[in-house]
1. Yes or no: A:E220 among the charged types (D, E, K, R) and touching a Phe, Trp or Tyr at 6+ places or on another chain (Cβ under 9 Å)?
2. Mind listing whichever residues of the range A:210-227 are more than 14 Å from chain B (Cβ to nearest Cβ) and in contact (Cβ under 8 Å) with a residue 24 or more places away in the chain?
3. Residue check: is A:T323 modelled with pLDDT of 95 or more and hydroxyl-bearing (S, T, Y)?
4. In this structure, is A:I392 in a strand (DSSP E or B), among the β-branched types (V, I, T) and more than 12 Å from chain B (Cβ to nearest Cβ)?
5. Looking at the range A:340-347, is at least one residue closer than 14 Å to A:F304 by Cα and in contact with a strand residue (DSSP E or B) (Cβ under 7 Å, 6 or more places away or on another chain)?
6. Go through the range A:219-238 and give me each residue that's under 26 Å from B:R159 (Cβ atoms) and aliphatic (A, V, I, L, M).
7. Does any residue of the range B:140-162 turn out to be of a type in the set (S, T, Y) and more than 11 Å from chain A (Cβ to nearest Cβ)?
8. Residue under question is A:S252, and the condition is that it be small (G, A, S) and modelled with pLDDT under 95; does it hold?
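The values are calculated or read from the model by the stated rules, or taken from the named source; none is laboratory data. These numbers come from a predicted model, not from an experiment. So basically every Cβ, Gly included, is an ideal-geometry build from the backbone, and we count neighbours across all protein chains shown.
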Amino acid sequence: MINMLRGLLVVLCCVAGIAVAQEKNILITSGSNRAIPIAVVPFGWQGGTPLPEEIATIIGNDLRNSGLYEPLPAQNMIGRPSQAADVVYRDWQALGAQYVLVGNIAPAGGRLQVQFALLNVATQQQVTSGSVGGSPDQLRDMAHHISDQAFEKLTGIRGAFSTKLLYVIAERLGGNNTRYTLQRSDYDGARSVTLLQSREPILSPSYAPDGRRIAYVSFEQKRPRIFIQHIDTGRREQVTNFEGLNGAPAWSPDGSRLAFVLSRDGNPEIYVMDLASKQIRRVTNSMSIDTEPFWGKDGQTIYFTSDRAGKPQIYKMNIGSGTAERVTFTGNYNANPKLSADEKTLVMIHRQEGYAVFRVAAQDLQRGNLRILSETSLDESPTVAPNGIMLIYATRQQGRGVLMLVSTNGRVRVPLPTVQGEIREPSWSPFPN
Amino acid sequence: METLKFGKVALLALALAVAAGCSSKGGDASGEGATDGSNLGVDPNAGYGSGSGSGAGGSGGLDSSLGGEEAALRAITSFYFEYDSSDLKPEAMRALDVHARDLRANGARVVLEGHTDERGTREYNMALGERRAKAVQRYLVLQGVSPAQLELVSYGEERPAAFGNDEQAWAQNRRVELHK
């Protein structure tokens, strides 16, 4: 049966005209709706000692990660213009580039001033231009800012390249001694900083909608307890201290309430806490496991995982009326629901009938069809970018826990930079304010 | 602009959904079925019965043999489970009978730590680990242990006993540990 299914998949891929190219761990599948070629030319630099990073590479990677653009390799470029006036369109047309992004960096009293322009090769028109300044250690911020500007002008969709990521690293130091750290980095894994360190497990970190607070579960008291931490000040507050499970914190869209799981009434149920009054209210009522709440934008709907029908499946409920409705029907294991920003797509961990592997899948909530977004076998914790263009999940590669970024259209899949230890539990920040 | 997000792969997605539908007729071939038998190789009772003093002879021989078995059962403090199951195995019950007798006699407090293997999502596994700890708790209470003596904590998949991504490691990780 499995072989037959695989055979069918191969046939389907051929029919859809999909070619798969493996290149330095980056999987790019391109069909008739292939990514749009763009030349991000290495930026001019008017200073002395070379800058630590090439800003054009960061921008090119950002655009590639969206799955919508394909940056051309720098070694193929004939010229290296750094301003719009120097661009010879004929050269770029010959290379097959539809767009060219050029820029220049100038030192300005210990700071850097970056100017850029995005050009349409066919029309020979400027799509957008701008400038951004910052300190030398804000080079990546400036690169992501330019990526956001270019992406929004090209697609009409707000760029999410200046967003952040939370994740947990578990580093085994030997025996039963493991160091857990909660990390915050750029969305692409660069510039990570430690927010919390513990010898006991840390899990389920999630960003508040304000981007300033986070919630997570920590076992530092030898029991799972939910904490809220302010990113800037490091100030933390313990919000639960109940017998049994205290887990899976999820922020309401306005940031005033936290949904989580408690088992104090005998089995895992979902509760909602009003953070100002600390009043809690139970919202599920079943004899089964109810966990992994995720809020809809209306602040009334909660998606969650439940095994009330035997195997874990995803349900949605109205917390006012308390009525729950099953959402997933394909596969015998669907868990950890996350919604895309437009609420049209449900992303989850999915196991197909007849398979032993767990993968990231996306279900179209209007049409009901499901597609598999990951190709590994022990995938966990999908988290969707606030613009819905990319998602990141945890998986295993060569026996290690790593994070994978995948474009929602499935065209690009790229591992985030590896660090010491097992990386897991990514949580994408909202848009920066 | 919304169409850029998910639109054009719809044909392939639909085809995949059809293909996925086909497979369901075949049943759960390699999923949970993969657990049968193979994981029984990890036998928590491996040491039991050994060195039971059978050479003692006479009427005392029987007593010391039983004492040896009881000591061996008492030494078992990890109880193993099948995949996605919280049903106690017979060998776990035999060991828990001895622990229950001890706990009734000494009134001590113990912690029951529930654990799962790494498959599936972390928070669901947190719940599954608790379900296993509760299965042990329920059994001990049925044997007359006071619920006040038993504290439960689930670590889900966060504290594996064995590191590895195969059935052998997973079988050792699906467990409840009794800690004095």
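1. Details: among the charged types (D, E, K, R): yes; touching a Phe, Trp or Tyr at 6+ places or on another chain (Cβ under 9 Å): yes.
Considered against the rule, which asks whether it is among the charged types (D, E, K, R) and touching a Phe, Trp or Tyr at 6+ places or on another chain (Cβ under 9 Å), A:E220 comes out as yes.
2. Taking the range A:210-227 first, the residues more than 14 Å from chain B (Cβ to nearest Cβ) are A:210-214, A:227.
Passing the criteria: A:D210, A:G211, A:R213, A:I214.
3. Working: modelled with pLDDT of 95 or more: no; hydroxyl-bearing (S, T, Y): yes.
No, not satisfied.
4. Working: in a strand (DSSP E or B): yes; among the β-branched types (V, I, T): yes; more than 12 Å from chain B (Cβ to nearest Cβ): yes.
The answer is yes for A:I392.
5. Taking the range A:340-347 and keeping what is closer than 14 Å to A:F304 by Cα, we get A:346-347.
Remaining after also requiring in contact with a strand residue (DSSP E or B) (Cβ under 7 Å, 6 or more places away or on another chain): A:346-347.
Among the residues of the range A:340-347, at least one is closer than 14 Å to A:F304 by Cα and in contact with a strand residue (DSSP E or B) (Cβ under 7 Å, 6 or more places away or on another chain), which makes the answer yes.
6. Once the filter is applied, which keeps residues that are under 26 Å from B:R159 (Cβ atoms) and aliphatic (A, V, I, L, M), the range A:219-238 yields A:I226, A:I228.
7. We begin by selecting, within the range B:140-162, every residue of a type in the set (S, T, Y); these are B:146, B:154-155.
Retained after the next criterion (residues that are more than 11 Å from chain A (Cβ to nearest Cβ)): B:146.
Yes: the range B:140-162 contains one or more residues that are of a type in the set (S, T, Y) and more than 11 Å from chain A (Cβ to nearest Cβ).
8. Values: small (G, A, S): yes; modelled with pLDDT under 95: no.
So A:S252 fails the test.
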